[in-house]
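Here's the structure we're looking at; comments come further down.
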Amino acid sequence: MKVTVVGAGAVGASCAEYIAIKNFASEVVLLDIKEGYAEGKAMDLMQTASLNGFDTKITGSTSDYSKTANSDIAVITSGIPRKPGMTREELIGINAGIVKAVSASLIEHSPNVTLIVVSNPMDTMTYLVHKTTNLPKNKIIGMGGALDSARFKYRLAEAMEAPISDIDGMVIGGHSDKGMVPLTSHATRNSLKVSEFLSEERLSQVAEDTKVGGATLTKLLGTSAWYAPGAAVSGLVQAIACDQKKMFPCSTFLEGEYGLDDICIGVPVILGKNGIEKIVEIGLSDAEKAKMQESAEGVKKTNGLLEL
Ligand SMILES: NC(=O)c1ccc[n+]([C@@H]2O[C@H](COP(=O)([O-])OP(=O)(O)OC[C@H]3O[C@@H](n4cnc5c(N)ncnc54)[C@H](O)[C@@H]3O)[C@@H](O)[C@H]2O)c1
């Protein structure tokens with residue numbers, strides 16, 4: 001199992017670290033455009049191997065895609081992150097060019113690769129990869145919902161003063177401050193609806209805090225977060241690498257599901273060795289359906305800025 005991570009910055013390195021610590025991949029290649037940067041991160045991470053007890057071999061490369069040849073899975077984190085006050089959509093100008101070029105180079109050296117898109121605005125970058133490469137749609141996966149769901153569970157646990165392991169919940173829709181749809185009506189604590197524990201008002205506050213989860217951290221850190229994004233990506237990579245058939249909300253190309261067409265947006269999917277093995281259609285309330293439609297309109301507006 002060979003995994004390439006393009007972009008050895010905050011998210012890419014965190015992702016490589018979590019993949020290595022979980023010890024399921026034989027090789028992780030980190031690639032960056034900055035001279036020596038990926039090699040340095042790879043060497044530093046390899047020096048944690050004896051301390052953290054993993055056997056995954058991590059190597060680095062400066063823009064040499066031959067080192068990524070025959071990757072089973074590749075993660076695209078290259079591009080600029082947002083600064084405090086910025087929206088993810090504002091990154092499109094720079095990141096679209098980077099994601100387009102990076103995905104083409106990856107596929108040239110690994111024609112059977114499964115791509116996980118992380119660079120923002122993620123749903124639009126996933127759509128861009130869908131429109132500009134010939135990969136089948138099950139092999140193009142956008143990561144956003146897994147992270148947003150982890151943030152949702154964190155906020156639910158905080159509100160209920162409960163351990164996070166008691167909580168289950170999911171965020172679908174676009175990966176943006178306005179577009180996320182935290183499914184409060186489906187969230188549970190040990191199979192009981194969270195509405196048994198929290199007032200409607202407190203639940204809406206949890207949903208709002210979840211939606212601005214990234215912006216809250218960007219304000220505190222001065223750049224976007226990396227630990228939870230890296231961990232979320234590693235979860236998707238492991239589900240595919242180990243054929244786990246796990247369900248995550250991921251951005252995927254829809255053709256009629258959820259009443260949506262010609263768009264990549266977050267919905268629950270089953271991940272296994274074939275990438276996205278199934279799109280799961282769940283029953284949504286009228287309010288959730290309306291939020292999903294509104295979210296899709298936002299993503300389509302951003303997609304409209306692409307020069308395809
Ligand atoms: N989808 C999500 O849930 C999620 C979460 C967090 C961050 N992000 C996004 O991930 C991206 C990376 O964030 P970060 O914090 O790691 O940024 P960062 O600046 O720390 O790292 C980005 C890296 O990409 C490299 N890079 C730029 N152009 C490249 C190219 N053409 N080829 C190879 N490498 C190139 C840069 O040199 C840099 O090292 C941003 O777009 C950010 O918004 C997405």
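Filter region 57-98 for residues that are among the charged types (D, E, K, R) and touching a strand residue (DSSP E or B) at 6+ places or on another chain (Cβ under 8 Å); which is nearest to the ligand (Cβ to nearest atom)? Within region 57-98, the match that is nearest to the ligand (Cβ to nearest atom) is D64. Considering region 130-151, the residues that are farther than 20 Å from R82 by Cβ and assigned to a helix (DSSP H, G or I) include one that is least open to solvent (accessible area, probe 1.4 Å), namely S149.
Across region 254-278, what is the total count of residues that are of a type outside the set (G, A, S) and either open to solvent by 50 Å² or more (accessible area, probe 1.4 Å) or more than 25 Å from I19 (Cβ to Cβ) (or both)? If you could, list the steps in order and put the result at the bottom.
First, pick out the residues of region 254-278 that are of a type outside the set (G, A, S): 254-255, 257-258, 260-265, 267-271, 273-274, 276-278.
Those left that are additionally either open to solvent by 50 Å² or more (accessible area, probe 1.4 Å) or more than 25 Å from I19 (Cβ to Cβ) (or both): 254-255, 257-258, 260-263, 265, 273-274, 277-278.
Adding up the residues that qualify gives 13.
Among the residues of region 224-254, those that are away from the ligand (no atom under 15 Å from the Cβ) and either out of contact with any strand residue (DSSP E or B) (no Cβ under 6 Å at 6 or more places or on another chain) or at pLDDT below 95 (or both) comprise Q238, A241, C242, Q244.
Would you check which residues across region 294-308 are in contact (Cβ under 8 Å) with a residue 24 or more places away in the chain and either under 18 Å from the mean Cα position of the chain (by Cα) or open to solvent by less than 80 Å² (accessible area, probe 1.4 Å) (or both) and list them? S295, A296, G298, V299, T302, N303, L306 - these are the residues of region 294-308 that are in contact (Cβ under 8 Å) with a residue 24 or more places away in the chain and either under 18 Å from the mean Cα position of the chain (by Cα) or open to solvent by less than 80 Å² (accessible area, probe 1.4 Å) (or both).
Scan region 1-56 for residues that are outside any strand (DSSP E or B) and within 16 Å of the ligand (Cβ to nearest atom) and report the count. Outline the logic, then answer.
Restricting attention to region 1-56, the residues satisfying the condition of being outside any strand (DSSP E or B) are 1, 7-26, 33-56.
Still in the running and within 16 Å of the ligand (Cβ to nearest atom): 7-19, 33-45.
Residues in region 1-56 being outside any strand (DSSP E or B) and within 16 Å of the ligand (Cβ to nearest atom): 26 in total.
A Cβ distance below 7 Å, combined with a sequence gap of six or more or placement on separate chains, defines the contacts here; from region 28-39, residues that are assigned by the TED database to the domain that holds T59 reach residues that are within 10 Å of the ligand (Cβ to nearest atom) and among the charged types (D, E, K, R) in the pairs L30/K41; A38/D32. Note on region 29-47: among residues that are open to solvent by less than 10 Å² (accessible area, probe 1.4 Å) and out of contact with any Asp or Glu (no Cβ under 9 Å at 6 or more places or on another chain), the one that is farthest from N70 (Cα to Cα) is A42.
For region 166-220, name all the residues that are within 16 Å of the ligand (Cβ to nearest atom) and part of a strand (DSSP E or B). Before you say what the answer is, go through the steps one by one.
Of all residues in region 166-220, those within 16 Å of the ligand (Cβ to nearest atom) come to 170-182, 210-220.
Once the filter is applied, which keeps residues that are within 16 Å of the ligand (Cβ to nearest atom) and part of a strand (DSSP E or B), region 166-220 yields V171, I172, G173, M180, V181, P182.
Do you know which of the residues in region 152-164 that are surrounded by fewer than 24 Cβ atoms within 10 Å (Cβ to Cβ) and within 21 Å of the chain's Cα centre (by Cα) is farthest from L91 (Cα to Cα)? Even if it seems obvious, please write down each step before you answer.
Let us first name the residues in region 152-164 that are surrounded by fewer than 24 Cβ atoms within 10 Å (Cβ to Cβ), namely 153-155, 157-164.
So of that shortlist, the ones also within 21 Å of the chain's Cα centre (by Cα) come out as 153-155, 164.
Numbers: K153: 27, Y154: 27, R155: 27, I164: 32 Å.
So the residue we want is I164.
The values are calculated or read from the model by the stated rules, or taken from the named source; none is laboratory data. Everything numeric in this text was worked out from a predicted model, so none of it was measured. Heads up, the Cβs are rebuilt from the backbone with ideal geometry, glycines too, and the neighbour counts pull from every protein chain shown. Calculation scope for accessible area: heavy atoms of the full protein, side chains included, ligands and nucleic acids excluded. Shrake-Rupley method; radii C 1.70, N 1.55, O 1.52, S 1.80 Å.
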